[in-house]
Amino acid sequence: MKLVYSYYVLDIVHKGHLLMMKNAKAMAGEDGKSIVGILTDEAVIQKKPKPILSFEERMDLAAAIKYVDAVVAQETYSPLPNVARIRPDILMESTSHDEEEIEKARELMDSINGKVVVMPYFPSQSSTNIKNEIGRKLRERQGK
């Protein structure tokens with residue numbers, strides 16, 4: 001059975017998330033499992049503003065997505081502690097992540113005979129950009 005691990009903040013669910021999850025499930029195969037790590041609030045604020053949705057809501061959203069077989073808490077911004085514990089066959093990464101961090105992930109995955117698959121990042125599918133656009137539109141409306 002093949003295990004595939006991917007991870008998200010999931011404050012705003014968008015097509016980029018769904019594509020990554022769909023690809024993770026496809027790589028796991030029919031008999032495999034797609035495991036999703038959801039960053040805790042504490043993990044998120046290591047690099048980004050605190051999410052709008054609660055951790056519990058974000059966990060529930062992930063669990064409701066048909067491409068997801070299991071959801072786990074990710075207590076650091078880096079997936080490496082969960083990866084070391086879960087030992088997946090594949091770790092899904094994104095080109096939006098720091099190349100140095102991806103290289104560390106490759107080293108860990110090599111040590112457990114796994115691999116890293118890096119998916120392209122599409123800026124139009126960004127929770128941060130969506131939040132910024134919502135804010136801009138609200139400011140426009142308030143200014144009128």
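The values are calculated or read from the model by the stated rules, or taken from the named source; none is laboratory data. None of these values were measured; they are calculated from a predicted model. For neighbour counting, all protein chains shown are included, and Cβ atoms are generated from backbone atoms with ideal geometry for every residue, glycine included.
Do we have any residue at all in region 25-35 that's among the β-branched types (Val, Ile, Thr) and either part of a strand (DSSP E or B) or out of contact with any helix residue (DSSP H, G or I) (no Cβ under 7 Å at 6 or more places or on another chain) (or both)? Outline the logic, then answer.
Of region 25-35, the ones among the β-branched types (Val, Ile, Thr) are 35.
If we keep only those that are either part of a strand (DSSP E or B) or out of contact with any helix residue (DSSP H, G or I) (no Cβ under 7 Å at 6 or more places or on another chain) (or both) too, we end up with 35.
Checking region 25-35: at least one residue is among the β-branched types (Val, Ile, Thr) and either part of a strand (DSSP E or B) or out of contact with any helix residue (DSSP H, G or I) (no Cβ under 7 Å at 6 or more places or on another chain) (or both).
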Practice problem: Kindly provide the set of residues from region 73-99 that are in a helix (DSSP H, G or I) and modelled with pLDDT of 95 or more, ordered by number. | Solution: LEU80, PRO81, ASN82, VAL83, ALA84, ARG85, ILE86
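To keep it simple, each residue is scored yes or no on (1) more than 15 Å from LEU10 (Cβ to Cβ); (2) within 16 Å of the chain's Cα centre (by Cα); (3) at pLDDT below 95.
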| site | (1), (2), (3) |
| --- | --- |
| VAL44 | no, yes, no |
| VAL71 | no, yes, no |
| ALA105 | yes, yes, no |
| SER126 | no, yes, yes |
Quiz item: Can you find even one residue in region 11-19 that is at pLDDT 95 or above, crowded, with 16+ Cβ neighbours inside 10 Å and touching a Leu at 6+ places or on another chain (Cβ under 7 Å)?
Solution: no
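Residues in region 60-77 that are of a type outside the set (Val, Ile, Thr), crowded, with 18+ Cβ neighbours inside 10 Å and out of contact with any Gly (no Cβ under 8 Å at 6 or more places or on another chain): how many?
Adding up the residues that qualify gives 4.
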